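Where a number appears in this text, it was derived from the coordinates with a stated rule and is not lab data. Since the structure is predicted, the reported quantities are computational estimates derived from the model, not experimental observations. For neighbour counting, all protein chains shown are included, and Cβ atoms are generated from backbone atoms with ideal geometry for every residue, glycine included.
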Amino acid sequence: MGRISVLLYGVICYFLFFAVFLYAIWFVWTMDAAQAKVPVVQSLVIDAILLGIFAIQHSVMARQGFKRMWTKIVPREMERSTYVLFASAALFAVVYFWQPLPKVVWDIQMPAIRAVLHVLFWGAWANLVLSTFLINHFDLFGLKQAWDRFQGRPYVPPSFRTPGMYKTVRHPIYFSFLVAFWSAPTMTAGHLFFAAMCTGYILVAIQLEERDLVTFHGDVYKEYKRRVSMLIPWVAGDKK
């Protein structure tokens, strides 16, 4: 595929992701106000399937074995953008087809606590975006690969670095997701199910991701794991 086509593809995939990402933030912010559309059991089944599709897409397409097979079909410089495109489609499906479970689990009325939780919610999303820029935002979302192809340069993966919050927690992006998902002054059953399922997925995804990181970076990443906490900032890392 030509250089301009690759670049255009990367830009389109990036902005599609950005639009879906903003839609997803609004979804989490407003999900506790949504009304039920179908019976509870049916809602749980639909929501579980949607989250399962999202988890499978993210985990399978991120694995090195899949990438080796996939890049026989998709040009290597388009692989990350294609991952972002599929991830955006999976996320859009979760948000668009989600079935609310409006039964209230807790409802904090104290204005000060509600305000703190709202600050944590929006601060977590801001920290998430910042964390992507700390490591290489445009590489993470496929634009660097497309730009390198446009410039006729070979793609060089980013080196292992621990800037900013990465010095205190190994996965600030996942940490930010968890804070955003759980910072709800009003928590409905649907929101609780969403937050719990996403938390479980994140814990599994980290194990898969770190296995790849150890393969890529070897003892450097093992030492990083030993020193730095996985998800809770300023807590000691793995001891083994």
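Rounded to the nearest 20 debye, the dipole size of the stretch 44-102 about its Cα centre is 360 debye, using +1 on the Cβ of Lys and Arg and -1 on the Cβ of Asp and Glu. Placing +1 on the Cβ of every Lys and Arg and -1 on the Cβ of every Asp and Glu, with no other charges, gives the chain a dipole of roughly 660 debye about its Cα centre.
Springs between Cα atoms under 10 Å define the GNM used for the chain, and in it the highest mean-square fluctuation of H137, H118, H217 occurs at H217. Loop-located GluC sites (Glu not before Pro) in the stretch 148-240 (DSSP state not H, G, I, E or B) with no more than 15 neighbouring Cβ atoms inside 10 Å do not occur.
Taking the chain as a Gaussian network of alpha-carbon nodes connected by springs under 10 Å, the highest mean-square fluctuation of the residues I46, I108, I135 belongs to I108. Magnitude of the charge dipole for the stretch 1-142, about its Cα centre and with charges confined to Cβ atoms of Lys, Arg (+1) and Asp, Glu (-1), is about 420 debye.
Given all pairs of different Cα atoms, what value in angstroms does the Kirkwood hydrodynamic radius of the chain take?
Hydrodynamic radius (Kirkwood, Cα only) of the chain equals 19.5 Å.
Taking Cα atoms only, the orientation of helix 111-135 departs from the longest principal axis of the chain by about 10 degrees.
Cut-off is 10 Å between beta-carbons; in what order do M1, M78 appear when sorted fewest neighbours first? Write out the running numbers ahead of the final one.
Working: M1 12, M78 21.
If I rank by nearby Cβ atoms, fewest first, I get M1, M78.
Which residue, A87, A115, A24, tops the fluctuation ranking in a GNM of the chain built on C-alpha contacts under 10 Å? In the Gaussian network model the winner is A115. Close lysine pairs were tallied over the stretch 3-227: pairs 8 or more places apart or on different chains with Cα atoms under 30 Å apart number 11.
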